[in-house]
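Working notes, structure below.
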Amino acid sequence: MAAFSSRGPGGFGIKPDITAPGVQILAGNSPTPDAVETGPPGEYFQAIAGTSMSAPHIAGAAILLKALHPGWSPGQIKSAMMTTAYQGVVKEDLTTPADPFDYGSGRVDLKKAQKPGLTFDETAERMLAIGNDPVNAVHLNLPSINAPTMPGRLTTVRTAKNVTSGSQTYRVHVKSPAGSKITVTPAVFTLGAGKSRALTITVTASGLSGQQFGQVILDPVQSNLPTLRLPVAFVPQQGDVSLTSECAPAQLVFKGTAECTITATNDSFGDATADLLTTLNDNLKFSGVDGATIVAPRRVVKNGVALAGAQPGVPSLAPGTTAGYIPLAAFGVVPEPIGDEEIINFNVPPFVYGGQTYARIGIDSNGYAIVGGGTSEDNNCCELTQIPDPARPNNVLAPFWTDLDGTNDQGIRATVLTDGVSDWLVLEWQVDVWGTNSNRHFQIWIGLNGEEDIVFAYDPTALPAAPTGQDLIVGAENVNGSGGAQLPTGTLPTEDLQEDALVDRPVTEEGHRNPVAARTPSRPSGADGDRRARPDDAVGAEDATAEVGGMHGAAAAPVQAGAPAGELGHDADLADERVRGREVHHPSLTQRLADSQLRDGGLPLAAPRVRRGQLIMGGLGEALVADGAEEAVDGHRADRGGAAVGCGWVGAAVDHRGTTSTPVGQPL
């Protein structure tokens, strides 16, 4: 796989779906106009690398299959390519076998896809109905299985159709990771020509955590048909509704009794209805139950339980101090380049926002952060609305949200600072207003001490000026866009306050699930090094003014970098992925590459840039084109997975091979 090809997961299906040649592909090119500053026009061809190359390979393959099988639906064409794909693909280190979030089902192989034997199909109506349903999307009849939330056991069904002219028999085999089990019934089945058969697939796991991969393999008895493979991906974890139990006493003597309470909790922000089941082991039985029904000596059920969703916290803004801004360059923190319309996602130490704990945050080039990480759909430079707004992006911390561009400036710095008592994640922007060389720099400080402590910090010696002719938002929003706070649109952080008084704006929380009193976490301040939050900190302008003259630079405070410069990915566990336009670039976490590629440690170096306004849609995959070979990019982000095609999304990843697959069928 190409190092720059994006990886899954994304959405509720396995993404990408498939990989195809996409590196150094000889392709058509429109010469640019002749200009002194850019040189003469180019040729009508060039070598290009990117999704714009792999997606047309998949689109062309689909057209050839449609020519061979005019009666096939788009879903059947997709199935034929995916189930017959070549899987001997390795990661960018050229050694480690690739997984389904690298290549989907594998590398397209048209020679096998032209006669798959079986296909799996789904209707466009059902895709539309449950394609974004986190519970039921796994039951779509796709040639893959993805369960991003699997609390112990999953059972789903895939229906295969015989597309040959004769009866076919298949034997089923599986591959599953240690600690899990994948079963398929029937294990052997025979289908007449044109007939279909439902296969029940059950995945169980105990004692596992994190992303897991398996495979369902269908071996035909007839030797002239290819072996079919369906990738399986799952994460053993609780869903939106979790169960806990408490028994008193916790241990029983012979013929003793205990009283147990089972509690169901809706951990999501939406209302849910659940069917609950409790089972005892063989040595115990129920003697009575309240609020449920005993359906067997060791089984109790309660169906149709309505569980109200949690209420997300509502952020607010309050004046802070002038002591917060400390240039990270003073600690030797190396800037991370960021371009235009780009997000860098970081895995970070846990922090609290809106009553929830997060270990991931996305930094957008346009002056805001997405708590929990962002995708291309969270990027917004130019259509700013009021906070709160249910439209994405949500869960936003916006110290200076406007149309910004880091291409010709230093970019982003990120590190963990500590005073020996408390720790803070510090994110710093040094970017330009788009289309100018007018610099803006500002920070977000996030406490890592188990309590919500978030501050927007600005350089007191160079407060950010208004971006001429552009909207500006300073504010914060909760996870679903139902609550938040902002300064009046276009208002700078010092509005209506004494000079130098309002520079930092703490983000406060007014409640989550259960109402709690509003509070204002204190920004670390004071030259004496006391950087801990004080619960009695006032929030009025008078107190903010009184703190003027605190720390204005790194030398004034006993603060030290929590990780050596350039090693955040190791010491602070900050791995990153990049989102450009509609693509994500996900670097290797183990390999250090050249400066023109992506570097380990979560901080990629000079990755290819995407020029503004050059997004296009291409073929069966989502394509992004940039003029000039040096601007070509790739990495199909799997969060949506490509352009709509009949009854599904098809996303193309990119492998290193520069040759096309063997074409089949008649020329069109």
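Any read-out appearing in this document is the output of simple, stated calculations on the displayed coordinates, not a laboratory observation. Here the structure is a predicted model, which is why all the values come from computation and not from measurement. Positions of Cβ are backbone-derived with ideal geometry, glycine not excepted, and every protein chain shown enters the neighbour counts.
What ranking, highest mean first, results for peptides 280-293, 12-25 when packing means the other Cβ atoms within 10 Å averaged over each residue?
12-25, 280-293
Among 241-247, 387-393, 442-448, how do they line up by average Cβ neighbours within 10 Å per residue, starting with the highest?
With the highest mean Cβ count within 10 Å placed first, the list reads 442-448, 387-393, 241-247.
Give the Cα extents of region 241-307 along the principal axes, in whole Å, largest first.
That gives 44, 23, 18 Å along the principal axes, largest extent first.
Using label points projected 7 Å from each Cα along Cα→Cβ, tell me how many nm separate K181 and A47, to one decimal.
5.2 nm
For a quick check of your reading of the filter: which chymotrypsin sites (Phe, Trp or Tyr not before Pro) in region 44-128 sit in a DSSP loop and have no more than 12 other Cβ atoms within 10 Å?
Y44
Tell me, what is the percent relative contact order of region 44-172, built from C-alpha pairs under 8 Å that lie six or more residues apart?
After rounding, I find 22 percent.
Using R₀ = 51 Å, calculate the FRET efficiency as 1/(1 + (r/R₀)^6) where r is the Cβ-Cβ separation of R171 and A329; round to 0.05.
Approximately 0.20, to the nearest 0.05.
Sum up the charges of everything whose Cβ sits under 10 Å from the Cβ of D99, counting Lys and Arg as +1 and Asp and Glu as -1, but leave D99 out.
Neighbourhood net charge equals +1.
PRE reach from S30 (point 7 Å along Cα→Cβ): which of region 431-445 fall under 14 Å by backbone N?
So the set is empty, nothing qualifies.
Working only with C-alpha atoms, what are the Rg and Dmax values of region 119-159, expressed in angstrom?
Using the Cα atoms of region 119-159, the pair Rg, Dmax is 10.3, 30 Å.
What full-extension length gain, to one decimal in nm, is calculated for T257 and R126 as 0.36 nm per residue of separation minus the Cα-Cα distance?
Once the chain is fully extended between T257 and R126, it gains 42.2 nm.
Multiplying the sequence separation of N136 and T385 by 0.36 nm and subtracting their Cα-Cα distance, what value in nm do you get?
Stretched fully, the N136-T385 segment lengthens by 86.4 nm.
How big, in percent, is the set of alpha carbon pairs in region 54-158 lying more than 16 Å apart?
64 percent
Please work out whether region 388-452 counts as rounded, prolate or oblate from its C-alpha gyration tensor, where a ≥ b ≥ c are the square roots of the eigenvalues and a/c under 1.5 means rounded, while otherwise a/b larger than b/c means prolate and anything else oblate?
oblate
Give me the extension gain from T244 to L276: residue separation times 0.36 nm, minus the current Cα-Cα distance, reported in nm with one decimal.
That pair, T244 and L276, stretches by 10.4 nm at full extension.
What list of ³J(HN,Hα) values in whole Hz, one per residue of region 229-238 in order, does the Karplus curve 6.51 cos²θ - 1.76 cosθ + 1.60 (θ = phi - 60°) give from phi, with Gly and Pro shown as x?
Running phi through 6.51 cos²θ - 1.76 cosθ + 1.60 with θ = phi - 60° gives 10, 10, x, 10, 10, 7, 10, x, 6, 5 Hz.
Where the convex hull is taken over the Cα atoms of region 173-324, what is its projected area averaged over directions, in nm²?
About 19.1 nm², averaged over all directions.
Which pairs, out of K181/K302; K15/K195; K112/K181; K15/K111; K112/K161, put more than 25 Å between their alpha-carbon atoms?
The pairs that break the limit, which is 25 Å between Cα atoms, are K181/K302; K15/K195; K112/K181.
Which whole-number percentage describes the relative contact order of region 241-307, with Cα contacts under 8 Å and a sequence gap of 6 or more?
30 percent
Apply 1/(1 + (r/R0)^6) to the Cβ-Cβ distance of D93 and Q211, taking R0 = 25 Å, and write down the FRET efficiency to the nearest 0.05.
Once rounded, the FRET efficiency stands at 0.85.
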